[in-house]
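Contents: one structure, followed by commentary.
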Amino acid sequence: MKNDVFLAAKRLYDFMSSCPPCPDRVDVILALGSHDLRVPEHAASLYLAGTAPLVICSGGYGKMTEGTFPKPEGVLFAERCMELGVPKDCLLIEDKATNTGENFSLSRRLTQGRDFKTGIAVCKPYMAKRAWAAGKMQWPEIQWGVSVPPISFEQYMPDEASLIPEIELIVGDFQRLKVYAHQGYQAPVPIPDELWEQWRLLCRAGINRYVLP
């Protein structure tokens, strides 16, 4: 892979994975489904540290898990949390969501009547900004923080085989920060012009599988 492509992807990853520190205590942890099982492991670590009394594992099947996961993301996430010590009665499973917005909206519906005021969304690193933006719009009663597994770009994609598919996802998710805000699905996130230049460089390099028309 050309060095400029690698560096451009790293800049997008670093921007998208940055998030402010979360509170020590919140009402609920929401683990957003994906193909990355480090997410429920991080959610479990927060629960075990006493951060929240309840973990919601949300996710049906997405573009990376349809046909590859034997069970919905939310079910597998909950199973991993229990393996790590989260009690079953401190878990809720939402197993229909197919995107980030639905992770929040369907989990909100599942817990209707509960008086949650604060929460932490746990997701793969480069979904941090999208998770915050979706939560603010789709479950506005909760003041959301975001926590991600502490993994650098180089650690997240250690080999060439995993590099291109993940960068394709990053490129698509970066664009959706702007597109979905315009469509009202997410709150706006300010994006520096310099990062759009990096995004266009990646698109010109043919890494545009998930780019919207």
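Restricted to the range 125-149, and to residues there that are in a helix (DSSP H, G or I) and aliphatic (A, V, I, L, M), the residue that is nearest to the chain's Cα centre (by Cα) is 127. Scanning the range 80-101 for residues that are out of contact with any strand residue (DSSP E or B) (no Cβ under 8 Å at 6 or more places or on another chain), free of Cβ contacts under 8 Å to residues at least 12 places away in the same chain and not in a loop (DSSP other than H, G, I, E, B) yields 83, 88, 89.
Considering each of 202, 106, 195 in turn, give the residue that is among the hydrophobic types (A, V, I, L, M, F, W, C), surrounded by 15 or more Cβ atoms within 10 Å (Cβ to Cβ), in contact with a strand residue (DSSP E or B) (Cβ under 6 Å, 6 or more places away or on another chain) and over 22 Å from residue 21 (Cβ atoms). Answer to the check: 106. Residue 66 falls short on exactly one of the conditions (1) at pLDDT 95 or above; (2) outside any helix (DSSP H, G or I), and that condition is (1).
The values are calculated or read from the model by the stated rules, or taken from the named source; none is laboratory data. It should be emphasised that the depicted structure is a prediction, and the values quoted were computed from it without experimental measurement. Cβ sites come from the backbone with ideal geometry, for glycine too, and all protein chains shown count toward neighbours.
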